[in-house]
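Trainee: Before I ask anything, let me first share the structure, which is written out below as structure tokens.
Quick note: the coordinates plus some simple rules give every number you see, no bench work behind them. Here the structure is a predicted model, which means the values were calculated and not measured. Neighbour counts run over all protein chains shown; Cβ positions are idealised from the backbone, glycine included.
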Amino acid sequence: MTRFLQVTKDVTVESLHVYWGLLKIMAPVMIIVEIGIRFGIVDIISKWCEPVMSLVGLPAETALVLATNLLVGIYGAGAALVTLSGDISLTVANMTVLGGMLLFAHSLPIEQTLVKKTGVSVIFSTAVRLLAAMLYAWICHLIFSTFDIFGDPANILIAAGADSSDGSWLEWIKSSALGLFWVFWILFFLISMLRIMDATGLTRLITRMLTPGLKFLGIGPNAAPLAMIGIMLGLAFGGGLIIREIKKGGLKPKSIFISMIFMCFCHSLIEDTLIIMAFGGHWSGVLVGRVLISFLMILPVSYAVLRMSDVTFYRYLFTKPK
């Protein structure tokens, strides 16, 4: 019982710490988006983006969620989603498609700066992330529309109670506060799940299952464990460890390149997946589909890079870190 109380206390403290950091991101985004809605800015953006979003079956308004995600991150996108959720109807298919796009390409200013520090071309890595997001979305939309699946309304937990009834600022503040209240409990659940997965060995099991695949791609034995950390926990963790190992001179440049590009496609496999499921995405798309597309996209990259001359590789794709 004492152990249980201590773990509960630790999870609560960690959740509050992370939650405070998220509030400083989400609250300003929610205010900016609401102002944009009331002054018609969102409508203008939606009209500009409608042709692109229609290619993957998404409402034009979701372009704002995607743009926020690219610049700020998944939680910023969640804040935009909370604000927009009362004005648009989204299905499970919509949120699976959108959620996958959020997973493939988010926090680009921060994450791509980290990628650049490893020596990988930031232009190439950014381009393939955006390409992966669009390819994933198009394939999912094609499957969902062809077989007419996931057409039920999405259960967006993060937006629970956050829809406005009379359009007043006071009502918006009340509903937004309620939405942010639920964000804490979703975060508490996510952190608890991560602790349970670590304690039961499920995280280690997933790591062992994926490691052989990384070696097949040409990621060397020294880089594979570091890449797995990034895949499971996040690009910042895996990339940071790779940067540290680069300084020791223990990694081959092509192995670094393939590791980082794969992590650009597929990272934070546990936490980010659970977040997108809380947004209403289906696990089959945001987990299984994401991993499959990541492997399908890294295969030709790995094949080409491993057979590429060093002159071409260093000229266009990689700069030796100083």
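Trainee: Explain nothing, just compute: Karplus ³J(HN,Hα) = 6.51 cos²θ - 1.76 cosθ + 1.60, θ = phi - 60°, for every residue of the range 289-296 in order, whole Hz, x for Gly and Pro.
Mentor: x, 5, 5, 4, 5, 4, 5, 5
Trainee: If contacts are Cα pairs under 8 angstrom and at least 6 residues apart, what is the relative contact order of the range 246-322 in percent? Working shown, then result.
Mentor: Working: 27 pairs, mean separation 32.7, N = 77.
Reported relative contact order: 42 percent.
Trainee: Given Cα pairs under 8 Å that are at least 6 residues apart, what percent is the relative contact order of the range 117-271? Please report the intermediate quantities before stating the final value.
Mentor: Values: 123 pairs, mean separation 36.8, N = 155.
Reported relative contact order: 24 percent.
Trainee: List the residues whose amide H sits under 5 Å from the amide H of I270, counting only those 5 or more places along or on another chain, with H placed 1.01 Å from N in the peptide plane.
Mentor: none
Trainee: Spelling out what I want: for every residue of the range 59-65, take phi, set θ = phi - 60°, compute 6.51 cos²θ - 1.76 cosθ + 1.60 (Karplus), and round to whole Hz; glycine and proline get x.
Mentor: Per residue, the Karplus-derived 3J(HN,Hα) values read x, 4, 5, 5, 4, 5, 4 Hz.
Trainee: What order, most packed first, do the peptides 97-104, 262-269, 174-181 have when packing is the mean number of other Cβ atoms within 10 Å of each residue? Could you put the intermediate results ahead of the total?
Mentor: Values: 97-104: 28.9, 262-269: 25.8, 174-181: 17.8.
The densest-packed peptide leads the list: 97-104, 262-269, 174-181.
Trainee: Kirkwood hydrodynamic radius, the chain, all distinct C-alpha pairs: what's the number in Å?
Mentor: Over the chain, the inverse of the mean reciprocal pair distance is 20.6 Å.
Trainee: I would also like to ask the following. Going by average Cβ density within 10 Å per residue, which order do the peptides 2-8, 145-151 take, highest to lowest? Working shown, then result.
Mentor: On the way: 2-8: 9.4, 145-151: 12.3.
Most protected by this proxy first, the peptides run 145-151, 2-8.
Trainee: Right, another one. Using amide H atoms built 1.01 Å from N in the peptide plane, name the residues 5+ places from L90, or on other chains, whose amide H lies under 5 Å from its own.
Mentor: For L90, whose amide H was placed from the backbone, the distant partners under 5 Å are A154.
Trainee: Right, here's the next one. Counting only residues 5 or more places away or on other chains, whose amide H sits under 5 Å from the amide H of V120 once H atoms are built in the peptide plane?
Mentor: T319
Trainee: Relative contact order for the chain using alpha-carbon pairs under 8 Å, separation at least 6, rounded to a whole percent?
Mentor: Working: 419 pairs, mean separation 66.5, N = 322.
Taking the mean separation of contacting Cα pairs over the length of the chain, I get 21 percent.
Trainee: Going by average Cβ density within 10 Å per residue, which order do the peptides 244-252, 312-320, 75-83, 230-238 take, highest to lowest? Let's see the in-between values first.
Mentor: Working: 244-252: 12.8, 312-320: 14.4, 75-83: 28.2, 230-238: 21.3.
Highest mean packing first, the order is 75-83, 230-238, 312-320, 244-252.
Trainee: If you look for lysine pairs in the chain that are eight or more places apart or on different chains, how many of them have Cα atoms under 19 Å apart?
Mentor: Lysine pairs, 8 or more places apart or on different chains, close enough: 23.
Trainee: Ok, one more. Send over the semi-axes of the range 47-188's equivalent ellipsoid, whole angstrom and largest first, taken as the square roots of 5 times the C-alpha gyration tensor eigenvalues. Walk me through the intermediate numbers first.
Mentor: Details: eigenvalues 148, 85, 34 Å².
Taking √(5λ) for each Cα gyration eigenvalue gives 27, 21, 13 Å.
Trainee: Apply the Karplus curve 6.51 cos²θ - 1.76 cosθ + 1.60, θ = phi - 60°, to the phi angles in the range 274-281 and return the couplings in whole Hz, x for Gly and Pro.
Mentor: 5, 5, 5, 5, 5, 6, x, x
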